[in-house]
Amino acid sequence: MNTQSLQVLITGGSAGIGYAIAKEFVSKGNKVLITGRDEARLKKAAESLRKTAEGPSEVLYFVSDVSTSTDRNKLVAYIKTHFPGLNLLVNNAGAAHLHPLYPVAAGGNAPAGRGIAEAAAEEINTNYLAVADLNEKLIPVLEANGASGIVNVSSIVAFVPGVKLATYSASKAALHAYTRTLRHALAETSIKVFELMPPLVNTDFSKEIGGENGIAPKQVADDLIAGLQRNKPEIRVGQTEDMYQYSLSSPEEAFLAMNANL
Ligand SMILES: NC(=O)c1ccc[n+]([C@@H]2O[C@H](COP(=O)([O-])OP(=O)(O)OC[C@H]3O[C@@H](n4cnc5c(N)ncnc54)[C@H](OP(=O)(O)O)[C@@H]3O)[C@@H](O)[C@H]2O)c1
């Protein structure tokens with residue numbers, strides 16, 4: 001799809017991968033709306049994005065926690081009034097807990113007193129249900145605007161799970177399955193559905209799992225732009241492609257390789 005003259009919403013656009021994606025779109029002269037929970041961080045990110053704009057880009061921000069239906073509804077209402085030309089929705093905001101299944105929560109970062117059900121519910125809610133809900137509410141807006149797209153940001157662990165990120169992997173697997181069926185459901189519409197599948201990326205998000213060894217967020221953003229331009233439904237960034245091919249030829253060996261250094 002075309003990556004210029006767009007109005008792009010990026011959830012979780014104040015840091016990491018979302019910010020890098022926002023920067024790419026701003027540098028191409030697109031109009032960008034970023035969301036996040038922390039207003040000060042969001043405002044700062046929007047200001048620095050405006051400085052990087054070379055063309056006629058416009059950068060808006062809106063405080064919204066994607067995990068609550070109240071905030072999602074407020075975001076949808078804001079878009080209908082202030083950003084009605086939306087034609088690319090990037091579902092990037094995500095939640096993760098380090099939560100090995102046995103010994104129970106050993107070394108995990110699930111908040112004290114919270115077991116798997118609560119930690120997993122937060123991930124499923126943010127990484128899958130919130131995305132599905134926002135998509136459902138914004139599909140009419142996207143459709144009204146003609147050629148448009150939805151990008152769901154999953155992960156390499158959506159198809160080869162990480163044992164320390166068991167519940168997070170399950171939430172991204174749910175997002176992956178949903179994304180495939182959404183693509184099928186929207187096949188006859190003007191909306192293209194993409195899945196962005198990063199490997200380990202060096203962001204705040206991945207600090208606890210050795211994120212400093214990961215690739216730069218900019219590489220993910222560059223691959224997204226290239227993937228959109230080539231209409232690649234699944235954009236498997238860097239090592240994700242190798243792991244994907246490995247998982248097709250030998251699922252068990254791929255699983256062992258994914259978890260070899262844990
Ligand atoms: N980093 C990796 O290794 C990696 C690998 C594969 C996939 N991913 C996926 O990539 C996406 C982005 O991760 P990242 O590494 O860029 O994270 P990050 O650096 O921690 O940035 C997360 C961004 O999302 C916002 N955010 C977090 N929770 C939110 C919520 N409930 N509602 C709205 N905004 C929220 C944050 O701002 P506030 O905190 O102010 O809300 C921030 O702007 C996630 O879906 C993640 O699962 C990451």
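From LEU89, LEU60, LEU98, LEU33, grab the single residue that is hydrophobic (A, V, I, L, M, F, W, C), more than 12 Å from the ligand (Cβ to nearest atom), in a strand (DSSP E or B) and touching a residue at least 60 places away in the same chain (Cβ under 8 Å).
Going through LEU89, LEU60, LEU98, LEU33 in turn, just one is hydrophobic (A, V, I, L, M, F, W, C), more than 12 Å from the ligand (Cβ to nearest atom), in a strand (DSSP E or B) and touching a residue at least 60 places away in the same chain (Cβ under 8 Å): LEU89.
Taking the condition of being in a strand (DSSP E or B) and more than 7 Å from the ligand (Cβ to nearest atom), how many residues in the stretch 194-219 meet it?
Of the residues in the stretch 194-219, 5 are in a strand (DSSP E or B) and more than 7 Å from the ligand (Cβ to nearest atom).
Report the residue count in the stretch 166-175 for those that are away from the ligand (no atom under 11 Å from the Cβ) and surrounded by 20 or more Cβ atoms within 10 Å (Cβ to Cβ).
Final tally of qualifying residues: 2.
Is one or more of the residues making up the stretch 180-193 closer than 21 Å to ILE235 by Cβ and within 11 Å of the ligand (Cβ to nearest atom)?
No: zero hits.
I'd like to verify a number: residues in the stretch 225-258 that are among the aliphatic types (A, V, I, L, M) and either surrounded by 18 or more Cβ atoms within 10 Å (Cβ to Cβ) or within 16 Å of the chain's Cα centre (by Cα) (or both), how many?
The total comes to 7.
If PHE83 meets every condition in (1) of a type in the set (A, V, I, L, M, F, W, C); (2) free of Cβ contacts under 8 Å to residues at least 60 places away in the same chain; (3) more than 9 Å from the ligand (Cβ to nearest atom) apart from one, which number is that one?
(2)
No value in this document is a laboratory result; all are computed from the given coordinates. Just so it is clear, the structure is predicted and the values come from calculations on it, not from any experiment. Quick reminder, even Gly has a Cβ in these numbers, built from the backbone with ideal geometry, and neighbours come from all protein chains shown.
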